[in-house]
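Accompanying notes for the structure given below.
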Amino acid sequence: MDDLLSYTLLTSGKHPFEPTSTDIGRLVRASVAAWYPAFEEKEIQLDVDLPTEETFYWEADPKWMTRVLDNLFQNILRHAAEGKYANIVVDVEQELIIVADRGPGMDNSPYEHGAGIGLSTLNYMLKKMKLKADFTSNENGTRVAIGRALPKVNPEVNTMITEM
Ligand SMILES: Nc1ncnc2c1ncn2[C@@H]1O[C@H](COP(=O)(O)OP(=O)(O)OP(=O)(O)O)[C@@H](O)[C@H]1O
Ligand SMILES: [Mg+2]
């Protein structure tokens, strides 16, 4: 699945990967503004904590990042609307984006499951941007934290250093 997605994304030329220094506070704000009416329509209370004075930057593709958020917000509307609550946070100190809901949890979603392409694409895109999403989900809701992926320690590099 991952291979197919990356292949499609990279070869279609529709969504070429164009990383650039991206103001995350600003990007999340714009995304929340775009989704606000959809949340309101479903009577989902939006508890938003976005910094106004500070922000942080990730070397990311803003279009891909927006798609990642689109996926998460759409999932709340589709799978967690009954929780009537969404919490969206940009944590400048820890450099995290947090999206949480009070829905039934990922294992308990009674709604029709789609192809599950949303989250595969999300994980693929984040990986490419050297970011990652940590999911915590139980019957009280789902929480996703997006942050920098820690670089993998390369054992060969360690060996080289000790040998030098
Ligand atoms: N916030 C959420 N609350 C509860 N369940 C969720 C949530 N997000 C995802 N899920 C569960 O995880 C599954 C996979 O999500 P994913 O976004 O990959 O697929 P989808 O939304 O069903 O379809 P699509 O490919 O159109 O996005 C969903 O079908 C749903 O069961
Ligand atoms: Mg989805």
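What to note about this one:
- Residue that is surrounded by the most Cβ atoms within 10 Å (Cβ to Cβ) [pool: residues in the stretch 86-97 that are in contact with a strand residue (DSSP E or B) (Cβ under 9 Å, 6 or more places away or on another chain) and more than 18 Å from Leu150 (Cβ to Cβ)]: Ala86
- Leu77 vs. criteria within 16 Å of ligand 2 (Cβ to nearest atom), modelled with pLDDT of 95 or more, within 10 Å of the chain's Cα centre (by Cα) and part of a helix (DSSP H, G or I): no
- If you go through the stretch 121-151 and keep only what is over 23 Å from Asp101 (Cβ atoms), free of Cβ contacts under 8 Å to residues at least 60 places away in the same chain and among the aliphatic types (A, V, I, L, M), you end up with Ala149, Leu150.
- Checklist (1) more than 16 Å from ligand 1 (Cβ to nearest atom); (2) over 21 Å from Lys132 (Cβ atoms) applied to Gly103, failing item: (1)
- Taken over the stretch 1-40, the criterion of being in a helix (DSSP H, G or I), modelled with pLDDT of 95 or more and touching a helix residue (DSSP H, G or I) at 6+ places or on another chain (Cβ under 9 Å) is satisfied by Ile24, Leu27, Val28, Ala30, Ser31, Val32, Ala34, Trp35, Ala38, Phe39.
- Within the stretch 136-146, the presence of a residue that is modelled with pLDDT under 95, of a type in the set (Val, Ile, Thr) and within 7 Å of ligand 1 (Cβ to nearest atom) is excluded.
- For Glu82, the test of being more than 9 Å from ligand 1 (Cβ to nearest atom), surrounded by fewer than 15 Cβ atoms within 10 Å (Cβ to Cβ), modelled with pLDDT of 95 or more and not aromatic (Phe, Trp, Tyr) is failed.
- Any chance Tyr124 is aromatic (Phe, Trp, Tyr) and at pLDDT 95 or above: no
- Of the candidates Val68, Val48, the single residue that is under 17 Å from Ile98 (Cβ atoms), within 15 Å of ligand 2 (Cβ to nearest atom) and of a type in the set (A, V, I, L, M, F, W, C) is Val68.
The values are calculated or read from the model by the stated rules, or taken from the named source; none is laboratory data. All values reported here derive from a predicted model rather than from experimental measurement. Note that we place each Cβ from the backbone using ideal geometry, even for glycine, and neighbour counts take in every protein chain shown.
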